[in-house]
Amino acid sequence: MPSARRLLTLGVELFLVLVVVSLLAGQFLGQPVLLSYVETGSMAPTMEPGDGFVAVPSAVAGEVEEGDVITFRAEEIQGGGLTTHRVVGETERGYVTRGDANPFTDQDGDEPPVKEAQIVAKALQVGGTVVVIPNLGTVVVGVQDVISGAQRWIAATLGTRSLLGPQGLTYLLLAGSALAYVLDLVLGDDRSKGRERSRSRDDGVSTRLVMVALALLVVSTATAAMVVPAGTQEFGVVSAEFDSEQPTTIRQGESSTVPYAVPNAGLVPVHVYFDSSDGVAVDPEHVYVGSRGEGRVDLTLTAPPETGYYRYFLTEYRYLAVLPEPVVVALYRVHPWLPIVVIDALLGGTMYLVGMAVVGTGRVRSHSRDGPSTLRRLANRFG
């Protein structure tokens with residue numbers, strides 16, 4: 001039975017791994033995953049460069065209010081991209097934001113008012129104060145640089161680009177975990193099985209933990225496949241007094257229909273659902289896209305009666321087609337994130353149960369004191 005100290009150590013290690021993985025995943029996916037951090041001093045003194053914070057997804061964070069610190073997809077700030085600033089006001093066209101260290105609002109510059117569809121997360125606040133994790137981002141940037149460098153080296157050595165990016169990282173983690181486990185099984189010292197079995201109560205890692213790790217890798221891969229290609233697309237529509245050949249320049253009060261491609265580069269078919277802002281109609285609102293295929297829907301953009309430039313948004317939700325379509329529809333109607341949770345649970349749970357059925361219970365043996373290491377046994381066998 002592991003001691004309380006050992007359990008505490010494992011808990012701390014697991015927490016640190018979760019923190020790093022969450023931040024790295026957020027960088028790869030282009031949106032915060034549980035945790036995020038600021039890179040500039042625009043939010044000082046609330047958050048200094050490199051400080052982290054707990055990022056509550058916009059889908060569950062509730063209504064945005066004045067005083068909230070939000071992460072949104074900026075259009076103009078530092079060339080566009082994710083920006084974390086405080087909401088200081090609201091207009092009919094969106095939210096007014098400002099960095100705590102900035103003397104002027106973002107909208108006093110070139111940044112348009114922030115729409116709901118642009119907000120990806122809200123910083124957790126307790127008693128009106130942002131929960132800050134000092135220097136968290138600094139550590140993550142260093143880890144990310146090391147991982148990216150290792151990916152580039154492996155990809156160049158093997159001559160393939162498939163090992164780059166978040167999908168490539170998942171392949172490498174899965175391959176490394178599987179290889180380590182297979183080597184331990186193949187190169188195990190058969191003559192010491194009896195002694196190792198007697199020590200299994202105190203030494204080694206539970207196979208349950210190994211299967212949990214593999215299940216988490218499957219879940220991360222599935223989540224990336226559903227989240228990365230999806231997201232929100234913006235359409236700039238000009239309501240004009242004249243007709244135009246440009247599909248997004250529309251006579252005031254009239255409509256224009258444009259095709260919208262829905263590609264699927266993965267091997268697993270997907271169900272794709274759409275949620276649009278006012279002025280955008282999607283037909284059909286759901287499309288099934290097969291393996292490495294492409295679907296197509298029609299977007300009808302309607303110009304307001306008043307002339308001017310307007311921003312419309314189309315949000316795309318993707319789900320791996322591992323559940324019957326009626327089930328996906330029912331879950332989607334409850335909340336767009338619910339199908340992802342159920343699909344991840346199904347895939348992760350299946351991976352864990354199948355793995356336990358094949359491998360069985362017990363512990364992966366450790367040879368640090370009573371036998372040669374896996375590396376040494378590998379050298380002895382092939383040397």
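Things to note:
- Test: residue in region 232-243 that is among the charged types (D, E, K, R), modelled with pLDDT under 85 and not assigned by TED's automatic domain parsing to the domain that holds Phe72: yes
- Every residue from region 288-344 that is of a type in the set (Gly, Ala, Ser) and surrounded by 20 or more Cβ atoms within 10 Å (Cβ to Cβ): Ala303
- Condition check for Glu111: in contact (Cβ under 8 Å) with a residue 12 or more places away in the chain and over 14 Å from Ser42 (Cα atoms): yes
- Filtered residues of region 318-335 (kept if at pLDDT 90 or above and among the aliphatic types (A, V, I, L, M)): Leu320, Ala321, Val322, Leu323, Val327, Val328, Val329, Ala330, Leu331
- Cβ-Cβ under 8 Å pairs, at least 6 apart or on other chains, region 40-61 side at pLDDT below 85, far side of a type in the set (Phe, Trp, Tyr): Pro57/Trp337; Ala59/Trp337; Val60/Trp337
- Of all residues in region 261-278, those satisfying the criterion of being at pLDDT 90 or above and buried (at least 17 other Cβ atoms within 10 Å of the Cβ) are Val262, Val270, His271, Val272, Tyr273, Phe274.
- Of all residues in region 71-110 being surrounded by 14 or more Cβ atoms within 10 Å (Cβ to Cβ) and basic (Lys, Arg), the one that is farthest from the chain's Cα centre (by Cα): Arg98
- Complete set of residues in region 279-321 that are outside any strand (DSSP E or B), touching a Pro at 6+ places or on another chain (Cβ under 7 Å) and among the hydrophobic types (A, V, I, L, M, F, W, C): Ala321
- When we screen Gly188, Gly194, Gly204 for residues that are more than 26 Å from Gly348 (Cβ to Cβ), over 28 Å from the mean Cα position of the chain (by Cα), modelled with pLDDT under 85 and surrounded by 16 or more Cβ atoms within 10 Å (Cβ to Cβ), the only hit is Gly188.
- Scoring Val358 on the criteria (1) more than 24 Å from the chain's Cα centre (by Cα); (2) modelled with pLDDT under 90; (3) in a strand (DSSP E or B); (4) not small (Gly, Ala, Ser) leaves a single failure, condition (3).
The values are calculated or read from the model by the stated rules, or taken from the named source; none is laboratory data. Note that this is a predicted model, so its numbers are computed, not measured. Glycine gets a Cβ as well: all are built from the backbone with ideal geometry, and neighbour counts include every protein chain shown.
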